[in-house]
Amino acid sequence: MNRYNLLYLLLSSLFLSLSLEPVGSALCGILSIALLFHVFLKFYSSPKLSYAFLYTAWYSFFLSVSTFYWVYWGILNITGLSGISAGLLFLLFALTSFYKLIIPFIVLLLIKKYKKDAKLNDLILLLIGTLSLTELCPMIFPLYFGDLLRNNLILRQIAVFGVEALSLSLIILSASIYLGFLHRKNSLKSILLKLIPCSVILTLNLVLLTKEIPTDFEINMGLIQTNTEYSKKLDREDSKYLTHALQTFYQLGMEAYLSSEQPIDLLVFPESAVPFLGTLKSENQRSSTYSSSFEEVVINLAKNLKSNILFNEIISDGNTQNSATLKRFDSEVFERRPKQILLPFGEYIPFESSLPFLRNIFKETSNHKPGSDNSYFTAKSKSNETFHFQTLICYEILNSNFVREKSYDPNIQFLLNLTNDSWFLSERESNLHAGAGRLRAIETGLPLVRLAVTGTTKGFDPWGRDLLGELPSNQKLIAFLHLPLQVKKEPTPFLRFGPWPLRSFAIFMLIFGFLRSGRQISSDGNEK
């Protein structure tokens, strides 16, 4: 194994980490992928399957330790495992988390075996196509290459075609810079030719930034950050804990009403503001989550504030579900949208029906069932404007195609993400989770508001610009947001066509790079 390749992989993982929140350097993201190109070409000069697995495992480990170290605390708190058991699970995660990187290595190994005369440019095309298609690989915490550009206003606008289009842009930018500057000495003319793709991508982003974001009216949102501590099953029987959560819920709601300079059109509470409880009566009293106190608190708030209230609850009607619930001030009805994408080992145990003993291992894991309702919420503002919004609970916001399905209706005017990141005990995790919302706003062309129980609370416009600024975390907080809305929106290219046009282009580049032939690559990475 080439020890320098391990050094390059370490540097690449560190640059990747710096490209994400809180630093958010797009240049580091480009350099991270450029270093991967260098490792791939070095690997091609002497490919071995064992090296492919080792490089992938090391890169996954470097990335997990530098960026996703908070997963350990999530495993520890969500599952209820011991520290040692949680550490072993984290080690398994760390070695396999970025498993998709092995695909380019294997493709290069096959090319070397069956097509020994591949040209440098053909290999680059092949790698661009392969890396783009690896975005189809599912991950526990989805990380797209396009996420590495999401904090740069000028470079991220291509996300209107989807995050995979942004990934392709990053990969092409990195390949162009690698060929132009980092790979070998070039003439000025050669460098300029290789940087043409960079100019095209930059120009397209600037053109997209010239498009106006129209506003037809605004709503005043009250955002309540309750700072409720994460709760374990033992807390379900702690009346003092639940009473305190209910009191905080009501008091902060009333405080928002009294401190707002304008009437509140929508008062929003985060996920797990009041853990375990719900407002839906159930015939099965043994598994019921119904709390008359919780129901009364919500009804009184809606009545006193004369405001629509959106909150999170656990409902039970045969099965428990994690729900976003709307109580309109002009209606007695509680309207619910259960969460559809559940967190494995947090909200359910995979394969539990076949392996029931897992329940004894993962004692803190809930037993929720997914919902299936994609319909949006509708409410009226104090100025009698009707507005429509779609809700996403917790990690649902990470799934680009799922958000597209829920945002497709042209009547939807904004997205609302309710989340609880307190299990991870990490502001880094909250920042990474919130950062994903920035790209969902650009992809859908919809403002997106993210409300977290302990922070980080964010609002993004359709360009991904922050509407709230930096708000404190890990404390009780009330924030107000005048959210600009359109009556009806034009669908973005991503909403209209989905990811398949870009995937088809990546497949074309992969096939084109494979079919071409040319000179071999020498051991120093240069053409012979």
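The values are calculated or read from the model by the stated rules, or taken from the named source; none is laboratory data. Not measured: the values here are computed from a predicted model. With ideal geometry, Cβ positions are generated from the backbone for all residues, glycine too; neighbour counts draw on all protein chains shown. The area values use the complete protein model at the heavy-atom level, side chains included, leaving out ligands, DNA and RNA. Shrake-Rupley method; radii C 1.70, N 1.55, O 1.52, S 1.80 Å.
For the stretch 279-321, a residue qualifies if it is among the hydroxyl-bearing types (Ser, Thr, Tyr) and either more than 32 Å from the chain's Cα centre (by Cα) or assigned to a loop (DSSP other than H, G, I, E, B) (or both), and the qualifying residues are THR279, SER282, SER287, SER288, THR289, SER291, SER292, SER293, SER307.
Somewhere in the stretch 52-61, is a residue in a helix (DSSP H, G or I), surrounded by fewer than 15 Cβ atoms within 10 Å (Cβ to Cβ) and among the aliphatic types (A, V, I, L, M)? Checked against the condition, which is being in a helix (DSSP H, G or I), surrounded by fewer than 15 Cβ atoms within 10 Å (Cβ to Cβ) and among the aliphatic types (A, V, I, L, M), the stretch 52-61 yields no hits at all.
Counting only helices (runs of 4 or more DSSP H) that fall entirely inside the stretch 96-201 and contain at least 2 residues that are free of Cβ contacts under 8 Å to residues at least 60 places away in the same chain, the qualifying elements are 102-114, 163-177, 188-194. Filtering the stretch 367-393 to residues that are hydroxyl-bearing (Ser, Thr, Tyr) and either in a helix (DSSP H, G or I) or buried (at least 17 other Cβ atoms within 10 Å of the Cβ) (or both) leaves TYR376, SER381, THR391.
The residue pairs whose first member lies in the stretch 318-338 and is closer than 13 Å to LEU301 by Cα, whose second member is open to solvent by 60 Å² or more (accessible area, probe 1.4 Å), and whose beta carbons are closer than 6 Å, counting only pairs six or more residues apart or on different chains, are PHE329/LYS306. For the stretch 1-23, a residue qualifies if it is open to solvent by 20 Å² or more (accessible area, probe 1.4 Å), within 14 Å of ASN151 (Cβ to Cβ) and in a loop (DSSP other than H, G, I, E, B), and the qualifying residues are PRO22, VAL23.
Within the stretch 288-312, residues that are under 10 Å from GLY278 (Cα atoms) and without any contact (Cβ under 8 Å) to a residue 40 or more places away in the chain sit with their Cβ atoms under 6 Å from residues that are open to solvent by less than 60 Å² (accessible area, probe 1.4 Å) and hydroxyl-bearing (Ser, Thr, Tyr), at 6+ positions apart or across chains, in these pairs: SER288/SER282; SER288/SER316; THR289/SER316; TYR290/SER282; GLU295/THR279.
Inclusion of LEU125 among residues that are open to solvent by 40 Å² or more (accessible area, probe 1.4 Å), at pLDDT 95 or above and not charged (D, E, K, R) is not warranted. Restricting attention to the stretch 161-218 and to residues that are at pLDDT 90 or above, among the small types (Gly, Ala, Ser) and on the phi < 0 side of the Ramachandran plot, the residue that is surrounded by the most Cβ atoms within 10 Å (Cβ to Cβ) turns out to be SER169. If you take the residues in the stretch 394-443 that are part of a loop (DSSP other than H, G, I, E, B) and among the charged types (D, E, K, R), which one is farthest from PRO499 (Cα to Cα)? So, considering only residues that are part of a loop (DSSP other than H, G, I, E, B) and among the charged types (D, E, K, R), the one farthest from PRO499 (Cα to Cα) is ASP421.
Output the residues belonging to the stretch 79-120 that are closer than 12 Å to ALA52 by Cβ, at pLDDT below 95 and either open to solvent by 30 Å² or more (accessible area, probe 1.4 Å) or under 24 Å from the mean Cα position of the chain (by Cα) (or both).
VAL107, LEU109, LEU110, LYS112
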